[in-house]
Structure formats: structure tokens, C-alpha cells
Amino acid sequence: MMPMVASFYTPNWEYPASAVRLRQECEGLGLDHFIQERPDAGGYLENCRQKPVYLLEVMRRHDRPLLWIDVDGSILRQPMELEVMHVDFGACPMRKSGRQWHVGTLYFNNTPGALALLERWVAELDSRTSDEAALDRVWRSPGWPATTAELPATYFAVRRSNGRIMSLRPKNRIVIMHRLSTSPAKAAAKAALR
């Protein structure tokens, strides 16, 4: 079964316009989607920490596989590989940061393992770190509850502000494109973590 594209946005910065674009891309590809506005939680990291909570809510509400795409990302092709993926969880690995997974594109199958993973990710959230760090702590903890696969590199291409695509071939097969955010709130949050 083709997953439903899930994402949310807050009413600040460029996110509402990004949500309109992502919805249009999904509709153009014939993909079901659930992209909703959520209240601003008070800052960039606080808003990011809403992601696992939102995904758990959407999984319970729609009872089907989900493909999370950060709202400022784009879906350019149907994610055909996911239709035949028989694991609980899929993501693109990080190669340089020390963390296991990129969180801009995430796949959750409609399985008990995926539900358990989302529940553990929500339970791991705290005010100390990002959603990405919380997922990494769950990944590194004993008893990771989900069967896991790496998504193809074409599911997490990144376009720099100068228009260049970071190290991905073939560029003409990109499924999901992300942008390096220039949000002032993100820049401030990253500076505070240093």
C-alpha cells in the first residue's frame, strides 16, 4: 500500500506557503496526504519536538503507512519503493554527524513495531534536545522495537541555497528534495546548542 504523506507546519516564517506547495505536489502525483497546521510551540526546537507526537496521532487516526516529509521539502516522484517495503521503519542514514538517521524523510509502516517505535520516540522527548536527538537515543537504547531499512539516497536529496544539490547521483531520479532552511528561528536554535 502506498503510504500517506504526513507533515505539519506552524503559522510562522515561510511554512504555510511550503505546506501549500507540498499539498500541490502530493495531489499532482495522486498521493494521499495529511498536512495540518499546528500551533507555534514557542521556538524552532519546540516545534520540531511536535513531530513524533503528530506522527503518532496521524498513525492512530488513519491506520495506514506514513511517509513523513518536512513541510519545506518537496516530493518529486511517487515513492514506489515504499509500496513493497516490508519493515516497520525506514530512513536515510546520516554519514557525518554521529547521529543515525536524517529526520526530514521518515517511513512508518502500519505495523505494531512502527507504532511501538513512535510511542518510544514520544516518551523520549524532553526539553533538552531535538526530535532528532530523541530518535537517536531510542535507536541506541536496548530493545529498538522496529525492523528497519535504509531508504534510497534519492529520498533525502538536499538543495543548497545556491541551487546546487549535495552529492547525489543520479539527480534526475530524486524522489524527495529538502532545502537547507534559512529560518531565523532555526539559526538561533542551532547557535544556542553550540
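Values quoted throughout were computed directly from the atomic coordinates according to the rules given, and no laboratory measurement underlies them. Because the structure is a prediction, the values reported are computed rather than measured. We place every Cβ from the backbone using ideal geometry, glycine too, and count neighbours over all the protein chains shown.
When the residues of the range 105-120 are narrowed to those that are crowded, with 23+ Cβ neighbours inside 10 Å and closer than 15 Å to Arg49 by Cβ, which ends up nearest to the chain's Cα centre (by Cα)?
Checking each candidate, the answer is Leu106.
Starting from residues that are among the hydrophobic types (A, V, I, L, M, F, W, C) and without any contact (Cβ under 8 Å) to a residue 60 or more places away in the chain, keep the ones in the range 42-67 and report whichever is farthest from Glu81 (Cα to Cα).
Checked the range 42-67; the qualifying residue farthest from Glu81 (Cα to Cα) is Val58.
Between residues in the range 73-93 that are under 17 Å from Gly113 (Cα atoms) and residues that are hydroxyl-bearing (Ser, Thr, Tyr) and assigned to a loop (DSSP other than H, G, I, E, B), which pairs lie under 7 Å by C-beta distance while being six or more apart or on different chains?
Val87/Thr147; Asp88/Thr111; Asp88/Thr147
Residues checked against (1) surrounded by 18 or more Cβ atoms within 10 Å (Cβ to Cβ); (2) within 14 Å of Val5 (Cα to Cα); (3) more than 14 Å from the chain's Cα centre (by Cα); (4) of a type in the set (Phe, Trp, Tyr):
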site	(1), (2), (3), (4)
Pro52	yes, no, no, no
Arg61	no, yes, yes, no
Leu67	yes, yes, no, no
Met80	no, yes, yes, no
Cys92	yes, no, no, no
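Could you identify the single residue in Val53, Val5 that is of a type in the set (A, V, I, L, M) and farther than 20 Å from Ala134 by Cβ?
That would be Val5, the only listed residue that is of a type in the set (A, V, I, L, M) and farther than 20 Å from Ala134 by Cβ.
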